[in-house]
Amino acid sequence: MAKFNRPIDPEEIKASKQRTMAFVMDEIDKERIPLYKHIFHALFQPKRLALVASAIVIALIILFNPGTDSPPIDTEDYQISTTTSDQLAELSYISSHLVAMDMTVSNTDILFLANTTTTALEDNMHEFNQYFDMLRVYLDDAPFEDATTFNVLSDSEYQYEIIFEQENLTYTLRLNAGEDGAFTGIMTLDGITLDVTGSIEESNTETKFEFDATNGTDTISIEYETEVDNNESEKSFVIETNINNVVSEKDITVEKESDEWTVKMTDNDDTYELKKELEDGIWQYKLEYEVGHKEGEARITETTDINGNAVYQYHISEEGIERDVEVGKPDFDKEREKDSDNETDDDTSSEQSDNDDSPGHEPDDNPSNRQDQSYDKVTEPTQLTV
């Protein structure tokens, strides 16, 4: 306890108090240093100098060179591409063909071996021959890409023009594109004009179309999808038509697998499958079908008859029945000429109608003299070359 009984030195106590007061005043002076000096001291230490310099550079870049604006929300009109134009050419080709089919007959008679037994395919030959003529183009590799011209128009009421040529026929589609892939326009084929509306939806591997064509009271609606995966591709068409108040629906699928194309068509309960094969150096079309619950197949060859007209020769095998049938190729040009001649004849006949009841005038009941007579010609048994 002796160390706590030291004598107190007043001078030493006074000096201690002075040191304590000086310390307190120094701390108060530090708190009065301006804020910018604290910031300057904190920022411009050697370790932080590089970081501060980088921050200043970034700030200056943002301030004086903001760069390009962020892309705005896409509200502009849809831009039709070359690939899309090829697909639109397909739709215009099918739509125009369907309307023309109803007004077109084959340019030659149907010839077949004379007997009383016919096949289910022959009972539907006229309509199927028209569809075959339309769909066989899909059995060629890239038929639309190589025959389609795509134009961006200026000084026109339409933005785009798509022209597809096939066998001396020209299909022309003129369109305006709107937002979200919508489009409107017109298409023409050999004097036939159709109003067109529709829409396009695209992804990386798939494209979908809705396509509506109208000619007077005739309407055609097509839902079209195309999908590509490596060396395989598939196109599907769901086609609804109302032509001359006759409503029908057909499903058509075009498939490519290992460089081989196949066209399949479903018409109610009837099915058709079409391929193209090279046999003995001649391209032939092979058809397998089920029509009216009867199954059969046919080999189809394109050739010309003795008058130089293009014809299709069918060699049909159906449940033990063998048939050879020759069907004229549909010819839009000739039918259009025929319609024109009929209009002229109608005008002439109307001018002479007042004389129809005159004495000595008798109506002509001979079917062979009627211009619009459509019939199938039965020949003597003849083996057609296939």
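Values as computed for the structure displayed
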{"read-out": "Of the criteria (1) within 19 Å of the chain's Cα centre (by Cα); (2) buried (at least 17 other Cβ atoms within 10 Å of the Cβ), which one E225 fails", "value": "(2)"}
{"read-out": "Qualifying residue in the range 149-166 (condition: among the hydroxyl-bearing types (S, T, Y) and out of contact with any strand residue (DSSP E or B) (no Cβ under 6 Å at 6 or more places or on another chain))", "value": "yes"}
{"read-out": "Those residues of the range 221-261 which are in contact (Cβ under 8 Å) with a residue 40 or more places away in the chain and of a type in the set (V, I, T), in sequence order", "value": "I222, T226, I239, T241, I243, I252, V254"}
{"read-out": "Residue within the range 206-219 that is surrounded by 14 or more Cβ atoms within 10 Å (Cβ to Cβ) and outside any strand (DSSP E or B) present", "value": "no"}
{"read-out": "Tally, over the range 129-163, of residues that are within 22 Å of E277 (Cα to Cα) and over 18 Å from the mean Cα position of the chain (by Cα)", "value": "5"}
{"read-out": "Single residue of the range 84-139 satisfying the filter (small (G, A, S) and over 21 Å from I239 (Cβ atoms)) that is modelled with the lowest pLDDT", "value": "S106"}
{"read-out": "Residue list for the range 187-208, filter: among the hydroxyl-bearing types (S, T, Y) and farther than 16 Å from A177 by Cβ", "value": "T188, T193, S203, T205"}
{"read-out": "3 or more residues under 24 Å from K294 (Cα atoms): qualifying strands (runs of 3 or more DSSP E) within the range 222-277", "value": "246-257, 260-267"}
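Residue-wise test of (1) hydrophobic (A, V, I, L, M, F, W, C); (2) assigned to a strand (DSSP E or B); (3) at pLDDT 90 or above.
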position: D141; (1), (2), (3): no, no, no
position: D146; (1), (2), (3): no, no, no
position: E157; (1), (2), (3): no, no, yes
position: E161; (1), (2), (3): no, yes, yes
position: E165; (1), (2), (3): no, yes, no
position: T170; (1), (2), (3): no, yes, no
position: L173; (1), (2), (3): yes, yes, yes
position: D180; (1), (2), (3): no, no, no
position: G185; (1), (2), (3): no, yes, yes
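The values are calculated or read from the model by the stated rules, or taken from the named source; none is laboratory data. Everything quoted here is computed from the prediction, not taken from an experiment. We place every Cβ from the backbone using ideal geometry, glycine too, and count neighbours over all the protein chains shown.
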